[in-house]
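All of the numbers you see were taken from the coordinates with simple rules; none came from a lab. As the structure is a computational prediction, the values presented were derived from the model and not from experiment. Backbone-built Cβ (ideal geometry, glycine too); neighbour counts: all protein chains shown.
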Amino acid sequence: MQLRRRKYRWDRITLVGGTFMLLIISLAAWIAPDSASADEGLALQHPRAVISVEEEQAQASSSQASSSDSALRPDPAAKSTSEDEEVKPCSCNRHVLKLPKNPYTDHQVAARNLPNSFFVKDKGEMEAGKRRGDLVPVHDGRGYHITALSHSYAVLLPEVQALLAEMGNAFADELEGTGSEGTRFRVTSLTRTERQQARLGRRNYNAFNGTSTHSYGASFDIAYTDRPSNDSDCSAPTRAIQNVLRSFQKKGRILVIPEKSCMHITLRR
Ligand SMILES: [Zn+2]
């Protein structure tokens, strides 16, 4: 009886031990690469979470711009000449420009009170708004240009489009006849549908309550000024955009939120 029990137990131990070894070997093979990539994912994710979406857009568009610039260079051998040097954009954000911040609730009230403004729920409503003439397409103009947009449409309420054109002219006027003539400010975000907003929502502090003023066609963001060449530095364009924003804000024409990576502008009537 004793002998039989001992024999039975050794069989079990061999079986369990063998299975256990197999399990360990296969686990080691599977877990090692998985956990490594998981760590890598976390390490990459952390700094990204701190970057706001508008900043990401700005970075994406600026890298797009520089890559397409280099693709358009006619002669790669001419790279070393100063004429073909990359022209770096000049930043327009709260770190560079000193302007008072208007509370976001004021932006929301202003956006809702603009004539014919409506909540642009989806692309269909955006298109319908365009057909009614409540939203108008926005193209590059004097003193400003529109970047490639990934999270918004290039449409605005007519009054806001007129404001943008007026600010573009004021900016161009500031620099006319100077070494920085021809510099344009870069609009990086315009009208967002609810879905586009939702894709930004969690990380964009301007999107709280799900009612961003961008969803009313009432706001746009300026993130950079772009010089025609490196002949002049960023000081004049930066001073010019600061003067324009400050004077429009003082006159009560616009509300401003200086953000980490852009200036958020809403028309005020
Ligand atoms: Zn904005």
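Results, tabulated for the structure shown:
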| item | result |
| --- | --- |
| Residue-wise HN-Hα coupling along region 255-269, computed from phi with Karplus coefficients 6.51, -1.76, 1.60 (Hz; x: Gly, Pro) | 10, 10, 10, x, 9, 4, 10, 6, 10, 8, 10, 10, 5, 10, 10 |
| For region 230-269: rounded, prolate or oblate by the Cα gyration tensor [a/c cutoff 1.5] | oblate |
| Cα-Cα over 25 Å, subset of 98/250; 101/251; 88/130; 121/260 | 88/130; 121/260 |
| Label-point separation, residue 199 to residue 150 (7 Å along Cα→Cβ), nm | 0.9 |
| Chain lengthening between residue 176 and residue 109 when straightened (0.36 nm per residue, less Cα-Cα) | 20.5 nm |
| Amide proton proximity set for residue 224, modelled H, under 5 Å, gap of 5+ | 92, 186 |
| For residue 88, residues with placed amide H under 5 Å, excluding near neighbours | none |
| In order through region 241-248: 3J(HN,Hα) via Karplus (6.51 cos²θ - 1.76 cosθ + 1.60), integer Hz, x for Gly, Pro | 5, 5, 4, 4, 4, 5, 6, 5 |
